[in-house]
Amino acid sequence: MTVPMITVRAAARQYDEGPPALDDVSLTVVPGEAVAILGPSGSGKSTLLNLIAGLDRPDSGTVTVNGVRVDTLSETASARYRRGTLGMIFQFFNLLDDLTVTENVVLPAQLAGMPRREARRRAGELLETLGIDRHAGAYPGRLSGGERQRVAVARALMNRPPLLLADEPTGALDTASGEDVIGLLAALNADGQTIVVVTHDVRLARSCTTRTIELVDGRVASDVTTGVAAEPIR
Amino acid sequence: MSALGTVVRSGVGQRRVQTVVIALSTTMAVTATILGGSLLVASDDPFDDAFTRYHGAHLSAQFDGSAVSAAELSASSGAVDGVSATAGPFPMVSVVPTVELPASEEPLGGPNTGPPGTTSPITVVGRGDPDGEVDDLALTEGEWATEPDEIVVAADRPEPLGTTLTFADVPGSPTLTVVGKARSATRTADAWATPSAVEALTTPEADLAYQMLYRFADADTAADVAAGRDAVTSAVGAEAMTGSQSWLAVREDLTRETALFVPFLGAFGLIGLLMSVLIVGNVIASAVGSGARRIGILKALGFTPSQVVRGYVVQALVPAVVGTVLGVVAGNLLAVPILDQTETAYAASGLTVAWWVNVAASAGILVVVAATALAAAWRAGRLRTVDALAVGRTPTAGRGLGASRLAARLPVPRPLSLGLVRPFARPARAVAMVASVAFGATAITFTVGLSSSLSEVLAATANDSADVRIQPMMMPQGPGAESGGGPRETADHGAVAAVIEDQPETAAYYSTARTEVTVSGMTGAVAVEAFTGDASWGGYEMISGRWIEGAGEVVLPTPLLAASGSAVGDTITLNHEGVAIPVRIVGEVFDTTDGGKTVFTDAATFADAGRPVTPFDYHVALTGGADVGAYIDAVTAEVEPLGFAALPGSEEQESSVTATLNALAAMLSLLLVTVAVLGVLNGVLLDIRDRVRELGIHKALGMAPRQTIALVLASVALPGVVGAAIGVLLGYVLHAVVMPAIGDSAGLRLPQVVTDVYGPGLLVLLGVAGVLVAIAGSLPPAGWAARTRTATALRTE
């Protein structure tokens, strides 16, 4: 039997006096899956992603990732969990503007204690694979949106994380750049990378994921497994 | 480089303004701390070390030989409570020697040595040997006097070995040769000879005096010493003791020059330290506030809270270490001229900044910086990653909305009202800005006050209220010139006075005679200024009591009152040319001439004692509107043949201490004001960065660059005015505390004219200067905001 990569059981989260952001959500993700979490604004997608990433804690329920109870971790343990288990891609890239592309990409490896030379080599490989090696010494401010997101992907993959989380990865990109990133994620999943993508873009969900979970008002409205990514781009 | 190192390096490199501000404020704090600490050490240690090593006398007392015998003094010394050791009785005498140098030496010079060959009266004590349980004398040159014609002089006296001192006033005009030099820790005499030699120096008219030296079990305070003195007088008889000197007075006298700097530097050190804390706290807190997104990213990537905190602390410590190194260098360099003065005061050499002062100042400041940064960065560690990432920066919504609505109704251009309410949206940052301006205004106010006070000290000391001064012309010194010549002794002073009185523009005048006396109970000579005529208008600032009104009255400066252990209302004895003249102290005057050791009296005091003094110069006040130049020309024509010249009254000169204090104050203030300006600049810059998108929207809506500048300047208006008001008040209070402390350190009480220097107009000007600090700090970022392209600003997250 395959050990699940993510197990969420009866997770609930409520902010202040408002309606629950998440209400009794349970799901399981196995290694190699590419899961899209869909839903309109305010449906609880980002809250669920934050719980999986250990950035937030559920009011009730449990979240287990790669065998680790994420919802009980301290801040420090949570940081160690993220650096060892996760790669994260954000809508607005979240690159550090005062570091070069290479320095941004290398940062997670430095945190994990990877030797400098190996880290540089790995970063170089990633940048080359993602087609942005010519920008290695540039600062993020000089890159286009698509290029910045490729840098973010490279940074997320730096420590070869078992799980890749992406929060609206194409939300800030033009169509061409968006398709570029979609192709990238599909290719990664084809290589066995487990991916969870939060999006409200149905096209993105269908293009690069093997399963689609729809949230409405903090609850799972549907959970559909498609088997393989619909349209590999490359 | 580690991940933390990478982040710290980029943080330090990208936040250049904050980095410079932290470095400068640390430099300032370390510099002032090292200066203050070094002077504290230098002003206490040499004296205390010597006093302990040589068993200095807590009390040196002078007794009238006709009232008590040497045997009685010896017998009584063991019966006094609290006395732990004694030395004496030693015979002592105050006499005027004529000095003849060895053939190989240049003539003695100096302004106070009188005519060549003679010196002031000196106190000679008869001691068989330099050792003893009390006041063990350190022989610095030559050997001890063992023969009746030998004498040992104090180490700080100019006479070299081989000099002969002839005492012409003593029968037989004995001549003693200087065979050694010695230092007394408590300055108990100017010279020492054998007891028989001292007895031989006593004139028939004067009774022999004895010196007793005491050490007390408790002598840490003036009250302890006074209690010991009372115990001695009750054992010996009050009428027998003609004077005494406390070791505390000697220490105060010797440490006066350097002690002047200590409270002053202490004040600046304190401001510097507070400013460092404020700036570091402000910079880090601001960095956390505006760097929430960055913190969020770091945490999302796997930085632990402690790594984030350490990152921000190290970010502050890097420039702080640089600032500390610069501060150590600056502090040591600046200490050189000040310690030079200290060396002169102690006749010591090689005084340097103690290594531990450097280490303590550096470590202390760095600990303060680290603690401040830690407190400020703690928030970064606790910031929830999800909040930082979701919001992008710390939430501000809802703050200052009321003020904003209120400001919108103000009848001022909209950019101004938008700027005016900005402090309400970021109250913490506004408070930090208020503090920066306040510190700058404090520094300016304090420095201006200090400088004004020192000018008043100069004016009060110069005693130059006269419009015209008439003084003897210097006579050419040549082979044919008489020793000690000039018109002083032979001039027709009656004729000079007549010339002054004949001038219709003369409103008032007085003459001053200068001589020297010894005061019973004190070693060494003190200067006397004896007036003919009313000198009360001459610029003498009274602290207590009243000005002299006739013969037998004196006013004394505070240091002389302290040194002689007397107070206003007491009677003391002046010894002049072998005659004892009792005088009553009627007032305390502010004067620092000769270390505040000048006696002011009426010339009739000496005339009545049969020792008239000759006027030296004349001070004239003119009637209102009189032409000083024309008066001088008219008087010169008549007094020049008499050997006199007329000059304008003012002869104000800046002393080296005053010049050093003013220069130090100016430099430290410049540093503080620079840091204050940078502190404001830092705050405004962060604020503009925070709301660059908002500025972009304003620009997109049509806000012109000038309006943008007005908006930014208006945003510092309120903190500027409040900070300036607080700063002026703080500076005023600081001055009110420090000036009397400076006076105390110098053994002076300051008159009101010195302490009360701030007029309403000056205070307003100082407030304006504080506001200028705010404007100077906000202009560069305002220009940057005005130049930022609208599209760029709108694109910024």
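The values are calculated or read from the model by the stated rules, or taken from the named source; none is laboratory data. Computed from a predicted structure; not experimentally measured. As a convention, Cβ positions derive from the backbone with ideal geometry for all residues, glycine included, and neighbour counts pool all protein chains shown. Ligands, DNA and RNA are stripped out before the accessible areas are found, and what is left, the full protein with its side chains, is counted by its heavy atoms. Shrake-Rupley method; radii C 1.70, N 1.55, O 1.52, S 1.80 Å.
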Original post:
With respect to A:Ser43, is the statement that it is among the small types (Gly, Ala, Ser), facing another protein chain (nearest Cβ under 10 Å) and more than 24 Å from A:Ala187 (Cα to Cα) true?
Top reply: no
Original post:
How many residues are surrounded by fewer than 21 Cβ atoms within 10 Å (Cβ to Cβ) and either at pLDDT 95 or above or among the hydroxyl-bearing types (Ser, Thr, Tyr) (or both) when one looks only at the stretch A:35-60?
Top reply: 2
**OP:** Being among the small types (Gly, Ala, Ser) and modelled with pLDDT of 80 or more is the filter; apply it to the stretch B:326-368 and report the residue that is surrounded by the fewest Cβ atoms within 10 Å (Cβ to Cβ).
**Re:** B:Ala363
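Is it true that B:Val589 is in contact with a Lys or Arg (Cβ under 8 Å, 6 or more places away or on another chain) and not in a loop (DSSP other than H, G, I, E, B)?
So B:Val589 fails the test.
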Original post:
If you scan the stretch B:562-584, which residues turn out to be over 16 Å from B:Gly524 (Cβ atoms) and buried (at least 23 other Cβ atoms within 10 Å of the Cβ)?
Top reply: B:Val583
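What residue, of A:Ala112, A:Ala77, A:Ala119, is touching a residue at least 12 places away in the same chain (Cβ under 8 Å), among the small types (Gly, Ala, Ser), under 26 Å from A:Val198 (Cβ atoms) and within 13 Å of another protein chain (Cβ to nearest Cβ)?
A:Ala112
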Original post:
Among the candidates A:Asn159, A:Asn94, which residue alone is open to solvent by 30 Å² or more (accessible area, probe 1.4 Å), at the interface with chain B (Cβ under 10 Å from one of its Cβ atoms), in contact (Cβ under 8 Å) with a residue 24 or more places away in the chain and not in a helix (DSSP H, G or I)?
Top reply: A:Asn159
Original post:
Is it the case that B:Gly132 is modelled with pLDDT under 85 and more than 18 Å from B:Val152 (Cα to Cα)?
Top reply: no
Original post:
So which pairs qualify, if the first residue must be in the stretch B:294-313 and more than 8 Å from chain A (Cβ to nearest Cβ), the second must be surrounded by 24 or more Cβ atoms within 10 Å (Cβ to Cβ) and outside any helix (DSSP H, G or I), the Cβ gap must be under 8 Å, and the two must be at least 6 apart or on different chains?
Top reply: B:Gly311/B:Phe303
Subject >> Positions within the stretch B:209-238 being surrounded by fewer than 23 Cβ atoms within 10 Å (Cβ to Cβ) and at pLDDT 85 or above, in sequence order >> reply: B:Arg215
**OP:** Give the number of residues within the stretch A:162-177 that are open to solvent by 10 Å² or more (accessible area, probe 1.4 Å) and among the aliphatic types (A, V, I, L, M).
**Re:** 3
Subject >> Index of the failed condition, A:Glu75 passing every other in (1) more than 20 Å from A:Val153 (Cα to Cα); (2) modelled with pLDDT of 85 or more >> reply: (2)
Original post:
Could you say whether any residue in the stretch B:705-726 is open to solvent by less than 60 Å² (accessible area, probe 1.4 Å), among the hydroxyl-bearing types (Ser, Thr, Tyr) and in a helix (DSSP H, G or I)?
Top reply: yes
**OP:** Spot the failing condition for B:Ser173; the list is (1) within 24 Å of B:Val583 (Cβ to Cβ); (2) outside any helix (DSSP H, G or I), and only one is missed.
**Re:** (1)
Original post:
Within the stretch B:300-316, which residues are farther than 24 Å from A:Val106 by Cβ and open to solvent by 10 Å² or more (accessible area, probe 1.4 Å)?
Top reply: none
Original post:
Are there any pairs, at least 6 apart or on different chains, whose C-beta atoms fall under 7 Å, with the first in the stretch B:25-36 and surrounded by fewer than 24 Cβ atoms within 10 Å (Cβ to Cβ) and the second at pLDDT 80 or above and not in a helix (DSSP H, G or I), and if so, which?
Top reply: none
**OP:** Kindly indicate the residue of the stretch A:53-74 that is part of a loop (DSSP other than H, G, I, E, B) and more than 10 Å from chain B (Cβ to nearest Cβ) and also nearest to A:Val30 (Cα to Cα) among those meeting that condition.
**Re:** A:Asn66
Original post:
What about A:Tyr139, is it open to solvent by 40 Å² or more (accessible area, probe 1.4 Å), within 13 Å of chain B (Cβ to nearest Cβ) and of a type outside the set (Gly, Ala, Ser)?
Top reply: yes
Subject >> Considering residues of the stretch A:97-109 that are touching a residue at least 40 places away in the same chain (Cβ under 8 Å) and more than 10 Å from chain B (Cβ to nearest Cβ) only, the residue farthest from B:Thr385 (Cα to Cα) >> reply: A:Val101
